[in-house]
1. So which aspartates and glutamates can Lys104 reach, going by Cα to Cα under 18 Å and dropping same-chain residues fewer than 8 places off?
2. Could you work out the relative contact order of the chain, using alpha carbon pairs under 8 angstrom and six or more residues apart, expressed as a whole percent?
3. Would you mind counting up the charge near Ala226? Only other residues with Cβ under 15 Å from its Cβ, with Lys and Arg at +1 and Asp and Glu at -1.
4. Tell me, in nm to one decimal, what length is gained between Glu211 and Asp34 on full extension, where the rule is 0.36 nm per residue of separation less the Cα-Cα distance?
5. Using a simple spin-label model with points 7 Å from Cα along the Cα→Cβ vector, what separation in nm is obtained for Asp140 and Glu164?
6. Using a 7 Å offset from Cα along Cα-Cβ at Lys54, what residues in region 71-96 end up with backbone N under 20 Å from the label point?
7. Roughly how many Å is it from the Cα centre of region 64-117 to that of region 1-57, as a whole number?
8. Could you tally the net charge around Gln28, taking each other residue with its Cβ under 12 Å from the Cβ of Gln28, Lys/Arg +1 and Asp/Glu -1?
Amino acid sequence: MEIRPMDPEDVPLAQQLSDDAFYEAAVQSRRASDPPAQRRSEARVASWIARTTKFLATDAEGCFVAYDSEGLAGFAASIRRDDVLWILSTFAVRPGLQGLGLGKRLLDAAMTYGSGCPRWMLSASDDPKALRRYRLAGFDLHPQLMLHGTIDRSLLVAVDGVREGTASDLDLVDDIDRKVRGAGHGRDHAALSAAGTLVVDTAGRGYAYTELSGPILLAALDESTAIRLMWECLARTTGPATVGHVTGANQWAVDVGLAARLAIGAEGLLGVRGMAPPSLYLHHGALL
Ligand SMILES: CC(C)(COP(=O)(O)OP(=O)(O)OC[C@H]1O[C@@H](n2cnc3c(N)ncnc32)[C@H](O)[C@@H]1OP(=O)(O)O)[C@@H](O)C(=O)NCCC(=O)NCCS
């Protein structure tokens, strides 16, 4: 099966294949206590397509597809930031074709795009095939917690020194990212600000993007700022709250979750190469 660079017209097909593959994987790995596996919402379909289409303008050399006689068979999309950090954004093979070696070929192709990068990150699903692939590709795998529940607002801790951010904060935000994960988010701020509200520490020590269910990305230069930002994100939730991508290096986030009486479950893994899991950082699932 030939592997070739991804084109814009491949993106909607890739979105559909990825929804199928992740749905199947969620059904397979679902524990009795988990909520039912869900298909991607219309809003998430639109943001997936917009984000991945943008990658083709900036990181086309990191994105690959494979076709067979039935259509799209698999794809991998990766990006590079500051020429320092390689990120696997999304990766899937059609259910029914999995476990036969196509994933390895797609991942190898995407990883050539990171060959000059000292740092590598990915956010892994619980699929054992994905974990085998990533570990064999040299990634250290760090299990993650997900904190979730409906916030009892009387438990919220009042926060000061946090305000909503604007485009003029993005240089500062990128500097924080460079200190915390090695590279700024740069051109990804458009996708991040479409997905959530930017909040920044008034002393310039941290920031978060937060949506109605909780933070989707949080970075800080010290633990007390990380904690204040997480409380701010929780205060902005309406309805059930979710704080995902919490690794063992983020015990401060576990403490905030416990203080807010959120439940703790395990979900997914952070994969890193050439770096430790950042401790004052809750990564974004696709933009890391
Ligand atoms: C992850 C994924 C993209 C990998 O693609 P793939 O074509 O299945 O990958 P490969 O066949 O190259 O590699 C899978 C490996 O797991 C092994 N494997 C197959 N079934 C397995 C199982 N049930 N448990 C553990 N390993 C298994 C395969 O033998 C292979 O290992 P090998 O190369 O040493 O033989 C694909 O399985 C998928 O789409 N999964 C669902 C979506 C997902 O989780 N994407 C990753 C996002 S982080």
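The values are calculated or read from the model by the stated rules, or taken from the named source; none is laboratory data. This structure is a prediction, so every number in the text was calculated from the model and none was measured. In this analysis, Cβ positions are derived from the backbone assuming ideal geometry, glycine residues included, and neighbour counts consider all displayed protein chains. Surface areas here come from the heavy atoms of the whole protein model, side chains and all, with no ligands, DNA or RNA. Shrake-Rupley method; radii C 1.70, N 1.55, O 1.52, S 1.80 Å.
1. Qualifying aspartates and glutamates at Cα under 18 Å: Glu2, Glu61, Asp68, Asp126, Asp127, Asp140.
2. Numbers: 564 pairs, mean separation 57.8, N = 288.
Relative CO of the chain lands at 20 percent.
3. Working: positive: Lys179, Arg181, Arg205, Arg228; negative: Asp177, Asp201, Asp222, Glu223, Glu232, Asp255.
That works out to -2.
4. 61.5 nm
5. With each label placed 7 Å out from Cα toward Cβ, I get 3.9 nm.
6. Once the point is set 7 Å along Cα→Cβ of Lys54, 76-91 turn out to lie under 20 Å by backbone N, inside region 71-96.
7. 13
8. Residues near Gln28 contribute -1 overall.
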